[in-house]
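Beneath this line is the structure, given in structure tokens, with notes to follow.
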Amino acid sequence: MPGFLLHVGAVVSCMHGGPAQPTIPYARVLVSGQPIVTQSAPYVVAGCPFVPPGGNGPCVTAQWVVGAARVFAAGIPVLLQTSQAICTPTGTPVNVISTQMRVMGT
């Protein structure tokens with residue numbers, strides 16, 4: 001599915017509103033002057049307010065499971081606005097709230 005490429009400045013959060021940041025951006029490719037992010041880079045979630053009664057804790061990290069199908073950086077799919085990730089330990093998805101709006105991929 002087509003979407004805009006994610007970069008370090010993109011606003012991403014867990015479903016509960018905790019902000020998420022990439023741990024390993026790909027600095028060799030810049031979009032809007034900022035490094036892009038590939039599917040292999042996990043995100044760190046800070047400040048997730050979710051405290052479940054089951055005790056599996058708030059969201060801590062997010063791993064991307066779906067990236068671009070036709071756009072790669074160093075052989076790894078880049079992340080798009082439409083990419084999907086799962087947070088651990090809660091198993092909930094992430095929200096891509098905003099990103100650059102100049103470069104698209106599929």
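The values are calculated or read from the model by the stated rules, or taken from the named source; none is laboratory data. The shown structure was predicted, so the numbers you read here are calculated from the model rather than taken from an experiment. Please note: Cβ atoms are built from the backbone with ideal geometry, for glycine as well, and neighbour counts cover all protein chains shown. These accessible areas exclude ligands, DNA and RNA; they are computed on the full protein's heavy atoms, side chains included. Shrake-Rupley method; radii C 1.70, N 1.55, O 1.52, S 1.80 Å.
Applying the condition of being in a loop (DSSP other than H, G, I, E, B) and among the β-branched types (Val, Ile, Thr) to the stretch 1-56 and asking which residue is nearest to Gly105 (Cα to Cα) yields Val37. For the stretch 67-88, a residue qualifies if it is over 10 Å from the mean Cα position of the chain (by Cα) and either of a type in the set (D, E, K, R) or open to solvent by 60 Å² or more (accessible area, probe 1.4 Å) (or both), and the qualifying residues are Ala69, Arg70, Phe72, Ala74, Gly75, Thr88.
In the stretch 89-101, the residue that is farthest from Gly3 (Cα to Cα) out of those that are within 14 Å of the chain's Cα centre (by Cα) and open to solvent by less than 70 Å² (accessible area, probe 1.4 Å) is Thr92. Applying the set (1) part of a loop (DSSP other than H, G, I, E, B); (2) touching a strand residue (DSSP E or B) at 6+ places or on another chain (Cβ under 6 Å); (3) surrounded by fewer than 18 Cβ atoms within 10 Å (Cβ to Cβ) to Cys59 leaves exactly one unmet item: (3). Six or more apart or on different chains, Cβ under 8 Å: which pairs go from a residue in the stretch 28-54 that's in contact (Cβ under 8 Å) with a residue 60 or more places away in the chain to one that's in a strand (DSSP E or B)? Could you list them? Filtered contacts from the stretch 28-54: Val31/Leu5; Val31/His7; Ser32/His7; Gln34/His7.
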